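To keep things clear, I will list the structure first and then write my remarks on it.
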Amino acid sequence: MAQTPLRVFETASVSDRYARGRPTYDDKIVQHIVGSIRSELKGEKHELMVEVGCGSGQATNVLAPYFHNVHATDISESQIVQAKALSKVDHVNYQVGSAEKISAKDASADLLIAAESVHFYDLENFFSEVRRVLKPGGCLVLIGYVHPNVTPTTSNGAQRQLTASLSNAVEKTIIDNLGRTLVPLYYEIQNGYPKIFEAIPAKQKSKEYFHLIYDTWKLKNVWDFIDSAILLKCPEETFPIESERKRTKVLDTFVRNWNEILENNEISPESVTSYEADYKMTVITASNFK
Ligand SMILES: C[S@@+](CC[C@H](N)C(=O)[O-])C[C@H]1O[C@@H](n2cnc3c(N)ncnc32)[C@H](O)[C@@H]1O
């Protein structure tokens, strides 16, 4: 998929917004992942988890308790600084490093995970590293998701008839501000990584979907998610969101459109008590690499 590395999370402010706007992964997903690792050690912790593209530790913190050792890496120094600052566990070794050249020994990892990041990698080099680093019986896990579907709740209950139009407004704001290189990657994730799944050189692979639901969101949470998705600084092309002024304009326009959708449906924005955000997460597991 992406052959030239896309360096889009490279500043402290981008990393800060990423940490604020992104979800972590819940217990259903964690148990599915841990259950996918074949092990002789019934009921005990696994030895090593290696993570690539760890961001600010969204997957690291929830999976680390199942491993004696965790090696979490990201190509961006500012993401690693955030991950260290937000770390909830003390047995994680965080390091700047690339998914195409992983700093881990041969046949050492029980789990190798790339959450919301494989679409950025040079797949050929990444899979050759996965083959090298995983133990026999070890498991590769890939997670991907795009924007959540959002439903407002008023005193009359959940307003599901608005889910499609509000969620489309979130998606449109993101797509319009991603930049040309990233849009095809967005659709690859949204469709459940069809091309990437096909390319995994493993004898066993499976794909499952999980719904991760937050039911007490405010509009600020929707806004923060958008802010985490549009603030990718892409040096390869003229990126539309280059300045604070433009960022503010995008977010203001988004909120205006949002309120208009509510009002056109005779719901005043003030009557919304909360929003439900429903992320559809693709979780791919693969083992027995060829
Ligand atoms: C969308 S974030 C995902 C962060 C986190 N894993 C999560 O689940 O939210 C993608 C991360 O992949 C990192 N990344 C991009 N290309 C990379 C590469 N070639 N090697 C390692 N990390 C990379 C970025 O710096 C970024 O932190």
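Worth a mention:
- Of all residues in the range 44-71, those satisfying the criterion of being more than 16 Å from S108 (Cα to Cα), in contact (Cβ under 8 Å) with a residue 40 or more places away in the chain and within 8 Å of the ligand (Cβ to nearest atom) are G53, C54, G55, S56, Q58, A59.
Residue-wise test of (1) under 22 Å from S13 (Cβ atoms); (2) modelled with pLDDT of 90 or more; (3) outside any strand (DSSP E or B).
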| site | (1), (2), (3) |
| --- | --- |
| P184 | no, yes, yes |
| I189 | no, yes, yes |
| E198 | no, yes, yes |
| F210 | no, yes, no |
| I226 | yes, yes, yes |
| A229 | yes, no, yes |
| E236 | yes, no, yes |
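- Scoring A107 on the criteria (1) outside the structural domain of T285 (by TED's automatic domain parsing); (2) in a loop (DSSP other than H, G, I, E, B); (3) not polar (S, T, N, Q) leaves a single failure, condition (1).
- Some residue of the range 72-88 being out of contact with any helix residue (DSSP H, G or I) (no Cβ under 6 Å at 6 or more places or on another chain), touching a residue at least 40 places away in the same chain (Cβ under 8 Å), away from the ligand (no atom under 13 Å from the Cβ) and not in a loop (DSSP other than H, G, I, E, B): no
- Members of the range 167-182 found to be in contact with a Phe, Trp or Tyr (Cβ under 7 Å, 6 or more places away or on another chain) and either closer than 15 Å to V50 by Cα or part of a helix (DSSP H, G or I) (or both), listed by number: A169, T173, I175
- Scanning the range 136-154 for residues that are at pLDDT 95 or above and more than 22 Å from the chain's Cα centre (by Cα) yields P152, T153, T154.
- Test: residue in the range 68-82 that is modelled with pLDDT under 95, of a type in the set (S, T, N, Q) and surrounded by fewer than 16 Cβ atoms within 10 Å (Cβ to Cβ): no
- Close pairs (7 angstrom Cβ cut-off, 6 or more residues apart or separate chains): in the same structural domain as I196 (by TED's automatic domain parsing) and among the β-branched types (V, I, T) in the range 120-134, within 10 Å of the ligand (Cβ to nearest atom) and assigned to a loop (DSSP other than H, G, I, E, B) anywhere: V133/I102
- Test: K101 is more than 13 Å from the ligand (Cβ to nearest atom), loosely packed, with under 15 Cβ neighbours inside 10 Å and in contact (Cβ under 8 Å) with a residue 12 or more places away in the chain: no
- Residues of the range 151-182 that are without any contact (Cβ under 8 Å) to a residue 40 or more places away in the chain and in contact with a strand residue (DSSP E or B) (Cβ under 6 Å, 6 or more places away or on another chain): R160, T163, S167.
- The single residue among S165, S243 that is surrounded by fewer than 17 Cβ atoms within 10 Å (Cβ to Cβ) and at pLDDT below 95 turns out to be S243.
- Scanning the range 133-166 for residues that are outside any strand (DSSP E or B), out of contact with any helix residue (DSSP H, G or I) (no Cβ under 8 Å at 6 or more places or on another chain) and more than 16 Å from the ligand (Cβ to nearest atom), we see that the one that is nearest to A199 (Cα to Cα) is A164.
The values are calculated or read from the model by the stated rules, or taken from the named source; none is laboratory data. Just so we're clear, the structure is a prediction, and the values are computed from it rather than from any experiment. With ideal geometry, Cβ positions are generated from the backbone for all residues, glycine too; neighbour counts draw on all protein chains shown.
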